[in-house]
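Only the coordinates and a few stated rules stand behind these numbers; no lab work does. None of the values given here were measured: they were computed from a predicted structure. Methodologically, a virtual Cβ is constructed for each residue, glycine included, from the backbone with ideal geometry; neighbour enumeration extends over all protein chains shown.
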Amino acid sequence: MRCDRRGFVKASALLGAAAVVPRAAGPAAERQPAKGARMKLTFRPFTAELRHVFTIAVSSRSTTPDMLVEIDYGGVIGCGEASMPPYLGETQETCAAFLSKVDLSRYPDPFELETILDDIDRVAPGNPAAKASVDIALHDLVGKLMNQPWYKIWGYPRDKAPLTSFTIGIDTPDVVRQKVKEAAPYRILKVKLGGTNDREMIETIRSVTDKPITVDANQGWKDKQHALEMIGWLKERNVLFCEQPMPKETPLDQMAWLTERSPLPTIADESCQRLGDVKKVQGAFTGINIKLMKSTGMREAQRMLTVARALGMKVMIGCMTETSCGISAASQLSPMVDWADLDGALLIRNDPFEGATIVDGRVTISERAGIGVRAIT
Ligand code: MG
């Protein structure tokens, strides 16, 4: 990966001191593209290897297919990523086919994000993760050209980034206890339910820790009465909210029935993918879970955040299992959300980037320009 600037810095040095602007403008000078530059998109498949087999209500897996993307603009490189958990329908093949149709060389100015990303959205329907990979790389590039991270460009306070939860998948009591131990640095646990051992999962965790828990049923409860009963039971066990209690096909009036009676906030994940869904789920859920791989990237994610806030809804920012590239991009929005679940890069063991980190359980946004990542492999 060439995503850091080392190669380009070296090239600048070879051009001699005259190529470097004096005073402290060195870093900015590194980000000046060659004259007449055009954007070039490249991509390569990557397999994220999970530290543990990860089980949720709908599937179980030990790797996540991924695509790493770069946009080279005269030597300034923007990095992006598509993470594609199999149950969501995109694959490395569909992603490569989509990206092959994207021609960025026809845009003279990368700052025209609106034009470029609208065009990319129209290349083909669906493909949200593939679209997100281009959006993230373009944001990274533009931030680097401005020499600023996106949280600053958006005007968000870095020190307001929230605590992040650490995810525990559906498992046996022994494994769950082990995972709670591993989660020692985190102050909130996110527990996957909707399997056949919901109460056992929670009771096992409560036998070893009283940390606050958030619950994700991943559409696992098919009946609204059962969902209400479970949420009432969870409320008594220091659970903060419940994500996607019922299938996304559940009529919204049934979801509204549940949310009206629910003693915990309900958060739409699978039921709320893109900007147009936010208004639809208002009233049916208390809030939404924004993920870059659903929203087609940072541009639309930021709009979802703004619209949800205007509608008086709660907002969480989540992720797939993905590298620090996608996580760092999402972290830029985190100062403005109620809850974050940005542990995706911690769940994999071959992260090719460093960027946003978790310090004392809190999302800590990188101060590097763009999305704030550096390649480490
Ligand atoms: Mg979820």
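List of remarks:
- For Arg51, residues with placed amide H under 5 Å, excluding near neighbours: Ile348, Arg349
- Linear extension gain, Lys222 paired with Ser59, 0.36 nm per residue minus alpha-carbon span: 57.0 nm
- Rounded to 5, the percent of DSSP beta bridges in the chain classed as antiparallel: 55 percent
- Helix-derived mean residue ellipticity, 222 nm - over the chain, DSSP H n ≥ 4, -39500 (n - 2.57), to 500: -9500 deg cm²/dmol
- Here the dipole of the chain is about 860 debye; that uses its Cα centre as origin and unit charges on the Cβ of Lys and Arg (positive) and Asp and Glu (negative).
- Contour excess over end-to-end distance, with Cα ends at Thr377 and Arg261 and 0.36 nm allotted per residue: 36.8 nm
- A straight chain from Thr306 to Arg199 at 0.36 nm per residue would run longer than the Cα-Cα distance by 34.9 nm.
- Taking label points 7 Å from Cα along the Cα-to-Cβ direction, Arg187 and Glu249 give a separation of 4.2 nm.
- Across the options Gln178, Ser133, Ile153, the greatest Cα extent toward the positive end of the charge dipole of the chain (unit charges at beta carbon of Lys, Arg, Asp, Glu) belongs to Ile153.
- Listed cross-link partners Lys101/Lys248; Lys192/Lys294; Lys101/Lys152; Lys192/Lys314; Lys224/Lys248 are compared with a 22 Å cut-off, the Cα-Cα value being larger for Lys101/Lys248; Lys101/Lys152.
- Judged by the mean number of other Cβ atoms found within 10 Å, the most tightly packed of the peptides 283-295, 197-209 leads the ranking 283-295, 197-209.
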